[in-house]
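S.K.: My questions will all concern the structure given below.
Every read-out reported here was derived from the displayed coordinates using simple, explicitly stated rules and does not represent laboratory data. Bear in mind the structure is a predicted one, so any value in this text is a computation, not a measurement. Methodologically, a virtual Cβ is constructed for each residue, glycine included, from the backbone with ideal geometry; neighbour enumeration extends over all protein chains shown.
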Amino acid sequence: MHFNQLKYLFVYLTPVVVGLSLLADGGWTFGSVVVLFGLLPLLELFTKGSQVNMVEAQEAMAKTNRLYDWFLYSLVPLQYVLLLLFLFRLQDAGLTSTELVGLTLSYGMACGILGINAAHELGHRTTKKEQNMSKILLLSTLYMHFFIEHNRGHHKKVATSEDPASSRFGESIYAFYLRSISDSWLSAWHIEGTKLHKLGKRFWSWDNEMLRFQVWQLALLIAIVLVFGWMAVALFIGGAMVGILLLESVNYIEHYGLRRQKTDKGYERTLPIHSWNSNHPIGRLVLLELSRHSDHHFLASRKYQVLRHFDESPQMPTGYPGMILIALVPPIWFRLMHRAIHRYRQSTQGFALAD
C-alpha cells in the first residue's frame, strides 16, 4: 500500500475513538470529544499542510483505485456498529448522568463525522448503490433531507443570500443554526415538490422522497423505542442532534463572509474563491479531504482523494476542528475572520462580502 493510500487510514480514527469511548466508564466516555476537539485542534496549531497537488498521471491512477472507495464504503457498517454499541451500552444498569452525557456526545461525534460527512462524499457519487449508502448513513443521524437539499440546493445556491447553508457576514453561529436547520428542511421539501410537479406526479405520494425520508426516520425511532426503550430513543435523538450541529458548524465556517457576484444573467459561476480552504493535514484526512472545500464546490463530482489546493482560495487560520471551536465564541470568531476577510479583499477583485 502506497503512502497516498495509507494516510487515509486516519479516517478510522473516529470509529476507533468513538468505539473506545462507548465501551468506557466515567470520564473516559468523553474520550472521543477530547481527541477530536481537543487533541486534533492542538496538533493542527503546529501544522500547515501541503499545498502540492497530484500531477495528472497520479490523479488518473487515484481516481480509478478502488481502495479509496473501500475506505469510504467501510464507514457505513462501522457507523451502524457504533449505533448498536451505543444503544446496548445504554441498557447497562447504574450509568451515571455524566456517563450518559459522555456516551451521547461520543455517538454524536460518529453522527457528524461518519453519519453525515461520509454520507456527503457518497451523496455526490453517480451510482445508485453509493447514493443509497449515503441515505443509509444519514438515517443514523435523522438528517436524510440533507441528501436533497445539499446536492440540489446548496451546490446551486452556495455563497448567495438564497442558500440556507451559507452563513452571512456578521451572523453568529447560533443564529445560523436556527436559520440553516429550519430553512434547509423546508428547502428540501420545496426542491422535491418542484421536481414532482415537473414530472407530473402528486406531492402527497410515495414518489415524494422527502415523505419517504420522514417515514424511514420515524420507523427507526419506533424500532429503538420498542427494543431499547424511551430513554434510549431520547439519547439517540440527542446524539443525532450533536451530529447535526457538527454539520451545521462546518457549513457555517465553510463560506462565512463569501458571496458570488450577481449579474443580469444570474450569479457568477462558483469558483475556488467562494469557499474557505484548509490544508491542515490531520483534519483533511479524518474528514475525507472535506477541508479542501474550494475544489469540491468548483467541481462537486471530484472524489475526495483528488481534491486540489488553489492559491487563490481564502485559507483558514487553522483546521476545521479548531475553527469550529473558535466559531462557538462569536467575538473571537468575528475578530479573527473579519481580519482575514479584510486581508483577502485586498488580494483579489473577485470577492464580495455577504449581504
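S.K.: How high is the relative contact order of the stretch 3-247, in percent, with contacts defined as C-alpha pairs under 8 Å that are six or more residues apart?
M.R.: Taking the mean separation of contacting Cα pairs over the length of the stretch 3-247, I get 23 percent.
S.K.: Find the centroid of the Cα atoms in the stretch 133-161 and in the stretch 8-33, then give the distance between the two in whole Å.
M.R.: Cα centroid of the stretch 133-161 versus Cα centroid of the stretch 8-33: 26 Å apart.
S.K.: Turning to a different aspect of this structure: Which label belongs to the value computed from this structure, given these candidates for Cα extents along the principal axes in Å: (i) 61, 51, 42; (ii) 75, 38, 36; (iii) 61, 55, 45?
M.R.: Matching entry in (i) 61, 51, 42; (ii) 75, 38, 36; (iii) 61, 55, 45: (iii).
S.K.: How are the C-alpha pair distances of the stretch 236-355 spread across 10 Å bins, as whole percents from the shortest bin up?
M.R.: Reading the bins upward from 0: 13, 42, 34, 10, 1.
S.K.: Under 15 Å Cα to Cα from LYS7, which aspartates and glutamates show up? Leave out anything in the same chain fewer than 8 places away.
M.R.: Partners found: ASP69, GLU289.
S.K.: Going by Cα centres, the stretch 282-340 and the stretch 40-90 are how many Å apart?
M.R.: Each part's Cα centre sits 16 Å from the other's.
S.K.: Each label point is 7 Å from the Cα along the Cα-to-Cβ direction; what then is the distance between the points at LEU325 and PHE169, in nm?
M.R.: Distance between the two pseudo-spin positions: 2.9 nm.
S.K.: Taking the dipole about the Cα centre of the stretch 3-247, with the C-beta of Lys and Arg at +1 and of Asp and Glu at -1, give me whichever of PHE176, GLY229, ALA219 is farthest to the positive side.
M.R.: It is ALA219.
S.K.: Per-residue ellipticity at 222 nm for the chain, helices alone: DSSP H runs ≥ 4 residues times -39500 (n - 2.57), over residue total, nearest 500 deg cm²/dmol?
M.R.: Rounded to the nearest 500, the figure is -17000 deg cm²/dmol.
S.K.: Show which lysines lie in cross-link reach of LYS201 when reach means a straight Cα distance below 28 angstrom and same-chain residues fewer than eight apart are skipped.
M.R.: LYS128, LYS129, LYS135, LYS156, LYS157
S.K.: Which one, PRO272, LEU40, GLY322, projects farthest toward the positive side of the charge dipole computed for the chain from Cβ point charges (K/R +1, D/E -1)?
M.R.: Sorting the options by dipole projection puts first PRO272.
S.K.: If you don't mind, another one. Could you give the DSSP H helices of the chain that reach 27 angstrom or more along their long axis (alpha carbon positions) and whose average Kyte-Doolittle hydropathy is no lower than 0.0? Walk me through the intermediate numbers first.
M.R.: Numbers: long enough: 173-199 (38 Å, 0.03); 209-228 (28 Å, 1.79); 230-254 (36 Å, 1.54).
For the chain, where a helix must reach 27 Å along its axis and average at least 0.0, the hits are 173-199, 209-228, 230-254.
S.K.: Subtract the Cα-Cα distance of LEU95 and HIS338 from 0.36 nm times their separation in residues, and report this length gain in nm to one decimal. Could you put the intermediate results ahead of the total?
M.R.: Numbers: separation 243, 0.36 × 243 = 87.48 nm, distance 4.46 nm.
Extra length from LEU95 to HIS338 when fully extended: 83.0 nm.
S.K.: Okay, next question. Given charges of +1 on the Cβ of Lys and Arg and -1 on the Cβ of Asp and Glu, with all other atoms neutral, how large is the dipole of the stretch 3-247 about its Cα centre, in debye to the nearest 20?
M.R.: Charge dipole of the stretch 3-247: 700 debye, to the nearest 20.
S.K.: For the chain, with a Gaussian network of springs between Cα atoms less than 10 Å apart, report the residue from LYS128, LYS198, LYS63 with the top mean-square fluctuation.
M.R.: Evaluated over the chain, the most mobile residue of the options is LYS198.
S.K.: Give the long-range amide H neighbours of GLN315: residues separated by 5 or more places, or on another chain, with amide H under 5 Å away, using H modelled in the peptide plane at 1.01 Å from N.
M.R.: ASN277
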